[in-house]
Structure formats: C-alpha cells, structure tokens
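Novice: Following this message is one structure expressed as structure tokens.
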Amino acid sequence: MSLPQHSGTPSDYNQPQPGSGARQSNGLAVAALVLGIVAILLFWTVFGGILLGLLAVVLGIIGARRARGGRAPHRTISIVGAVLGALGLIGSVVIIAIGASILNSDEFKDFNDCIKHASSQSEKDQCSRDFKQDTDN
C-alpha cells in the first residue's frame, strides 16, 4: 500500500494559477478607507484632519486609478476613502480658519491685553466678562 503522490506543496494551493484571472489585492484602497475614517473622526486636530486626510485622498486616487486600469479591485472603496479624507481635510481647514479669525480679532487682542495687565483674579474675571460682552454684541 503506497501513499498517493501530491503534485504541489500546501503553500502552492494559496497561489493564483496562471491564467485563472485572479487580480491583486488593492491595499491602497483599504489604507485610503481607514485613513479617511480616522481623518473624519479626528478632523478637529491638525494631524488627524490635514495629514491623514491628505494621505487618504492621495492613496484613494492612486488606488482608484489602479482599479480602473484593471490591476487591482475595490475601486469604490478607494473612492470612498478619498472622499472621506477630503471631508476630513476640509473640516480641519475650516476649524483652523475659524480659530485663526478668532485669534486675530480685535476683541481677542483686547482680552489678551486685559489679561496681561490684570494683577488680581477679580480683574481677570472682569476681563472675561468684558470679552463675553464684546463677542455677544
């Protein structure tokens, strides 16, 4: 009684056979999707919104181009990742613009000068009340 002969090793079963039409995986699409989701969640930070959003957009575009050329699957995932990254990027830019406009406003400059010259806690509290009144008007 002899054992049957196998033509391949166990690792050969995981390899795509020539001519089978198997395509490569699109790791860029998955990376763009993950980075896009994180960019949306962390858009209020410079690192999360701008850096991760920009990376998601770039990887999503590259992944979509590869998928369009037939070299990789998951074109839709690439596009969703790029869109989420762009939304995170836009949200972060808006947050930075609002912050910069507040910091450059006359009311904030007056408040900052008032706090610098205040010598007691009651004077600092008065500065805060004046700032609130200036911004409410």
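Novice: For the range 62-84, how many residues meet the condition of being crowded, with 18+ Cβ neighbours inside 10 Å and among the β-branched types (Val, Ile, Thr)?
Specialist: Residues that pass the stated criteria total 4.
Novice: Still on this structure: Given Val38, Val34, which one is surrounded by 10 or more Cβ atoms within 10 Å (Cβ to Cβ), farther than 22 Å from Val94 by Cβ and at pLDDT 85 or above?
Specialist: On the way: Val38 fails: farther than 22 Å from Val94 by Cβ.
The unique qualifying residue is Val34.
Novice: Based on this model, can you work out whether Ile61 counts as part of a helix (DSSP H, G or I) and within 30 Å of Asp136 (Cβ to Cβ)?
Specialist: Here the answer is no, as Ile61 does not meet what is asked.
Novice: If you don't mind, there's one more thing I want to ask. Based on what the data block shows, is Ala29 at pLDDT 90 or above, part of a helix (DSSP H, G or I) and open to solvent by less than 90 Å² (accessible area, probe 1.4 Å)?
Specialist: no
Novice: If I ask for residues that are more than 13 Å from Ala86 (Cα to Cα) and in a helix (DSSP H, G or I), which ones from the range 35-52 would you list?
Specialist: Val46, Phe47
Novice: I'd like the residue in the range 64-85 that is at pLDDT below 90 and in contact with a Leu (Cβ under 8 Å, 6 or more places away or on another chain) and, out of all such residues, is farthest from Ala97 (Cα to Cα).
Specialist: Ranking the candidates gives Ala72 first.
Novice: May I pose another question? Quick one: which residue in Ser105, Ser92 is touching a helix residue (DSSP H, G or I) at 6+ places or on another chain (Cβ under 8 Å) and among the small types (Gly, Ala, Ser)?
Specialist: The unique qualifying residue is Ser92.
Novice: May I pose another question? Please pick out the residue among Val93, Val30, Val57, Val80 that is closer than 30 Å to Thr135 by Cβ and among the hydrophobic types (A, V, I, L, M, F, W, C). Can you show your working first?
Specialist: Details: Val30 fails: closer than 30 Å to Thr135 by Cβ; Val57 fails: closer than 30 Å to Thr135 by Cβ; Val80 fails: closer than 30 Å to Thr135 by Cβ.
Result: Val93 is the single residue among Val93, Val30, Val57, Val80 that is closer than 30 Å to Thr135 by Cβ and among the hydrophobic types (A, V, I, L, M, F, W, C).
Novice: Within the range 127-136, is even one residue surrounded by 11 or more Cβ atoms within 10 Å (Cβ to Cβ), within 29 Å of Leu41 (Cβ to Cβ) and in contact (Cβ under 8 Å) with a residue 24 or more places away in the chain?
Specialist: no
The values are calculated or read from the model by the stated rules, or taken from the named source; none is laboratory data. On a predicted model such as this, the values are computed, not experimentally measured, just so you know. For neighbour counting, all protein chains shown are included, and Cβ atoms are generated from backbone atoms with ideal geometry for every residue, glycine included. Accessible surface is based on the protein model in full, side chains and every heavy atom, while ligands, DNA and RNA are left aside. Shrake-Rupley method; radii C 1.70, N 1.55, O 1.52, S 1.80 Å.
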